[in-house]
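The values are calculated or read from the model by the stated rules, or taken from the named source; none is laboratory data. What you see is a predicted model, and the numbers here were worked out from it, not measured in a lab. All Cβ positions, glycine included, derive from the backbone under ideal geometry; neighbour counts span all protein chains shown.
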Amino acid sequence: MAAAQTVSVLFAGGGTGGHLFPAIAIADEMKKLQPDLRIVFAGTKDKIEARVVPQKGYEFAPIWISGLHRRLTVSNLLFPVKVIVSLWQSLRLIMRIKPQVVIGTGGYVCGPVLFVASMLRVPTMIHESNSYPGATTRMLASLVTELLITFNATRGYLKKKGRRAVLIGNPTRDELVYGDRESGLKAFGLESGKKTVFVFGGSLGAKSLNRVIAKNLELLRANGIQVLWQIGVQAPAAYEALACNGVVVKRFVDNMPQAYAAADLVVCRSGATSLAELTRLGKPAILVPYPHAAADHQTLNACALRDAGGALLVTDKDFAENGIAAICRLLNDSDTLKIMSRKCLALGRPAAGIEIATRALGLAYGR
């Protein structure tokens with residue numbers, strides 16, 4: 001009797017942690033449901049996925065593609081060539097691994113992979129994590145088998161296509177809940193008797209946040225606050241030299257469960273993945289939306305959490321003047337932090353990952 005064929009799943013998503021980590025969360029849940037799955041990630045070789053995916057134990061297949069820049073660059077001139085090459089690479093990859101389902105979580109690498117899969121009539125799924133759908137989601141929404149969204153407002157941007165979208169939330173990794181405060185503080189060499197703020201601007205960093213934090217480290221320390229600061233992989237090396245007692249500087253924090261656990265307060269952008277993680281853990285936050293996000297969707301994201309009482313919203317242009325004072329004020333008000341934590345946690349959708357994984361396996365088996 002012939003052995004049963006291994007079911008293969010192809011993920012396409014990356015460029016930033018906001019696109020990658022939801023995909024990893026879905027993959028992890030699918031593995032729990034069916035451990036013998038073969039899972040492959042398509043991504044670009046010079047972005048976060050090339051490093052993180054192998055660390056998580058999944059196969060990685062590079063695709064040569066990039067987004068369009070707003071100014072004239074060599075990369076833009078090469079874009080038509082990249083599209084052709086990426087379509088050919090996607091075809092070869094799909095023919096090689098023969099996936100039963102292809103899942104996209106955003107970013108330009110989704111475009112060629114999901115387009116080819118749709119043309120080959122392989123079941124496909126897109127999960128859109130932001131309130132304003134990215135260009136890839138808008139382009140492929142009518143082609144994919146299933147369209148999943150995190151915010152109900154997304155339907156309006158997809159018009160008729162949005163009617164069939166399923167509101168499901170944003171998946172987060174289960175490992176996030178395994179951190180604990182004392183272990184987290186110890187992991188980063190921080191003291192247990194002090195309030196801790198965790199500042200990050202995503203995997204690439206946030207220039208405006210970094211500048212303000214760098215100028216005010218001594219003020220924060222003078223207020224008895226210790227800082228865990230992810231500066232991003234593209235940040236100037238001079239920031240790393242600011243590390244000292246009570247100030248931990250990392251280009252990239254691999255151990256996010258312990259980083260969140262160590263933090264009494266989080267300061268970050270308001271990408272959908274960050275908000276999903278904050279609401280799953282009930283972490284009070286100061287949200288500083290990226291001001292150049294498409295359709296200002298990060299502000300829309302942040303308003304949902306602010307209006308529920310789980311976060312404070314400070315605009316990017318106001319952070320230099322008001323951000324540090326807000327950090328000091330909140331970290332000296334334990335009662336307010338507890339209220340914010342409770343209201344933040346109430347917005348979490350911890351079951352999103354398992355729900356998406358179940359739907360994806362249903363597609364793979366034709367259910």
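Could you check segment 172-235 for helices (runs of 4 or more DSSP H) lying wholly inside it with 1 or more residues that are under 25 Å from Glu321 (Cβ atoms) and modelled with pLDDT of 95 or more? Please lay out each step first, then the result.
On the way: elements: 181-187, 207-215, 217-222.
Output list reads 207-215, 217-222.
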Filter segment 241-261 down to the residues that are more than 24 Å from the chain's Cα centre (by Cα) and not in a strand (DSSP E or B), then identify the one that is farthest from Ile213 (Cα to Cα). Asn245
Got at least one residue in segment 7-21 being assigned to a helix (DSSP H, G or I), among the aliphatic types (A, V, I, L, M) and modelled with pLDDT of 90 or more? no
Quick check on segment 265-276. Is at least one of its residues within 23 Å of Ala320 (Cβ to Cβ), more than 16 Å from the chain's Cα centre (by Cα) and in a helix (DSSP H, G or I)? no
Looking at the structure I just gave you, is Lys47 at pLDDT 85 or above, basic (Lys, Arg) and either buried (at least 22 other Cβ atoms within 10 Å of the Cβ) or under 24 Å from Val144 (Cα atoms) (or both)? no
Among the residues of segment 315-367, how many are out of contact with any helix residue (DSSP H, G or I) (no Cβ under 6 Å at 6 or more places or on another chain), within 23 Å of Lys283 (Cβ to Cβ) and not in a helix (DSSP H, G or I)? 6
Could you check segment 52-64 and list, in sequence order, the residues that are surrounded by fewer than 17 Cβ atoms within 10 Å (Cβ to Cβ) and in a helix (DSSP H, G or I)? Pro54, Gln55
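In segment 106-160, which residues are among the polar types (S, T, N, Q), surrounded by fewer than 22 Cβ atoms within 10 Å (Cβ to Cβ) and farther than 20 Å from Gln298 by Cβ?
Ser118, Ser142, Thr145, listed by residue number.
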Looking for something touching a Ser or Thr at 6+ places or on another chain (Cβ under 8 Å), crowded, with 22+ Cβ neighbours inside 10 Å, of a type outside the set (Ser, Thr, Tyr) and over 23 Å from Ile149 (Cα atoms) - is there at least one such residue anywhere in segment 217-226? yes
